[in-house]
Each structure stands twice: as structure tokens, then as C-alpha cells.
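In what follows, a structure is listed as C-alpha cells, so that the remarks can point back to it.
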Amino acid sequence: MNILSVRNLKKYYNTGENKVKALDGVDLDIRKGEFLAIVGTSGSGKSTLLHMLGGLDNPTSGEVIIDGRNISGLSRDELTIYRRRKIGFVFQNYNLLPLMNVYENIVLPIKLDGIKPDNNYIEEILKLLKLEDKKYFMPNQLSGGQQQRVALARALAIKPAIILADVNWCSLFGCVSSV
Ligand SMILES: Nc1ncnc2c1ncn2[C@@H]1O[C@H](COP(=O)(O)OP(=O)(O)OP(=O)(O)O)[C@@H](O)[C@H]1O
């Protein structure tokens, strides 16, 4: 079963005289449980694709079907709810709320939905991501990698249909950096 399908997806940006064809007819099928990494040079359209898949921006044309539902047909309000329940996002800058601790950040999307968090499940995720001793730490007390894992924990906590992660190669696979 396909959990995500994309049909002839286009995104053209019009900036004055210049038209940028960031996506020009993308087709994609991803099955349940499948992991797909999209790699490409800077400016090749990865973030644009991610935004279209997550319903964060409207495509020029084409369809995005998540878990059997064509998100192009949803109203803004329906899309907000669908996104919160079905799609886990991990943004490149993590988007953690600085005045909330690790636990509060993780359960925020669940609480926004008016649902009581399943604390046993949250504990499982914290353990899986080696964050159990950081539960009450504030984001600024965490390393970059720990912050990224909190963002992943928050994405997992809603038990989403898909997770969309905008991560860089180094933070995923590790690389030597010099300052
Ligand atoms: N809001 C916008 N208005 C106009 N052009 C845009 C806009 N957003 C992105 N673009 C253009 O679309 C193209 C794709 O950009 P995008 O951010 O998707 O690339 P990317 O592959 O994610 O790059 P990077 O790896 O550097 O983050 C670029 O040429 C960029 O200039």
C-alpha cells in the first residue's frame, strides 16, 4: 500500500520577470514502512518538495495523496488538522519552543489536539532516542544532536502516517567539521 503518492507535482515561483521551476512534474510512490532519502545540490528543490508534501505551501499543479487522502482538496482548516494528526515534521532548525522543556515540546502537538498524552509511549520514545535523562531539560541545555532527537521524538509522538525530515547529511551520518 502506498502511504504517499505524488502525481505530476509542479511548483513555479514567479519573482518579477523570473520564473523559477523549482519542481517540474514530480511523480513519487512511497509504500508504508519505506524510508526514502532525497538528496540533491543546493537549490535543487528539496525543501520545496518537502513543503508541498507536508501541505505547508500550495503547488502550482499536481496531487499529493497521503494515506489515501488527496491533500490538495482540503480547506486550510482541514489541512491544519490533517497535518497535525498525520504528518510528523523534523525541520532543519528543529523548531523547538525555547521556553518549554523536552517533555513539554514533545507533547505539544498532542495537547493542541486536545488529547491526553500516552505517557508510556512517550517514555518509550525518550528511551529509544536516548533522551530519558533529558526529559526536563530546556532546549538551550541540549547539544545540537539532542535537540534534533527531541524534534524527532515530537514527530513520532503523534504516531503519524509519515515523517518528513529536512535534515542535513552531516547530522544524519556524521562528518568531521572544523571551526
Ligand atoms: N519563495 C520563493 N520565491 C522564489 N524562489 C524560490 C522561493 N523558494 C525557493 N525558491 C527557489 O526555488 C529553488 C529551489 O529551492 P529549495 O529551497 O527548494 O532548494 P533546496 O534543494 O532545498 O536547497 P538547499 O539544499 O540549499 O536548502 C531555488 O532556485 C530557490 O531560489
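Taken together, the values in this text are just the output of simple stated rules run on the coordinates, not laboratory data. Predicted model only: the values in this text are computed from it and were never measured. Cβ coordinates were reconstructed from backbone atoms using ideal geometry, including for glycine residues, and neighbour counts include every protein chain displayed.
Shape summary of region 2-73, radius of gyration then Dmax from alpha carbon positions: 12.5, 43 Å.
Give, rounded to the nearest 20 debye, the magnitude of the charge dipole that the chain has about its Cα centre when Lys and Arg contribute +1 at Cβ and Asp and Glu contribute -1 at Cβ. Roughly 80 debye for the chain. Within the straight-line cut-off of under 20 Å between alpha carbons, the aspartates and glutamates reachable from residue 32 are 63, 67, 166, sequence neighbours fewer than 8 places apart in one chain being disregarded. Its Cα gyration tensor gives region 90-165 an equivalent ellipsoid; the semi-axes, largest first and in whole Å, are 17, 14, 12.
Normalising the average separation of contacting C-alpha pairs (under 8 angstrom, six or more residues apart) by the number of residues puts the relative contact order of region 32-179 at 31 percent. For region 1-96, a simple Cβ point-charge model (Lys and Arg +1, Asp and Glu -1, everything else neutral) yields a dipole of about 160 debye relative to the Cα centre.
Please give me the summed charge of the neighbours of residue 118: other residues whose Cβ is under 13 Å from its Cβ, Lys and Arg +1, Asp and Glu -1.
Numbers: positive: 111, 116, 159; negative: 113, 123, 124.
Local charge sum for residue 118: 0.
Applied to region 110-119, the Karplus parametrisation 6.51 cos²θ - 1.76 cosθ + 1.60 on θ = phi - 60° returns per-residue 3J(HN,Hα) values of 5, 5, 4, 8, x, 10, 7, x, 7, 5 Hz, with x for Gly and Pro.
Here is how the number arises for the chain: DSSP H runs of 4 or more residues each give -39500 (n - 2.57), the sum is divided by the residue count, and the result at 222 nm is -9500 deg cm²/dmol.
Of the cross-linked pairs 11/111; 86/135; 46/127; 46/130; 11/86, those separated by over 26 Å at the C-alpha level are 11/111; 46/127; 46/130.
To two decimal places, what compactness ratio does the chain give when its Cα radius of gyration is scaled by 2.2 N^0.38 Å?
1.11
Other residues with beta-carbon under 12 Å from the beta-carbon of residue 94 carry, at +1 per Lys or Arg and -1 per Asp or Glu, a net charge of +1.
Rank by packing, highest mean first: peptides 136-148, 84-96, with packing defined as the count of other Cβ atoms within 10 Å averaged across residues. Mind showing how you got there, number by number?
Working: 136-148: 14.6, 84-96: 17.7.
Highest-to-lowest ranking by the protection proxy: 84-96, 136-148.
Run the numbers on region 2-73 and let me know its relative contact order in percent, using alpha-carbon pairs under 8 Å that are six or more apart.
Working: 121 pairs, mean separation 29.7, N = 72.
The normalised contact order for region 2-73 reaches 41 percent.
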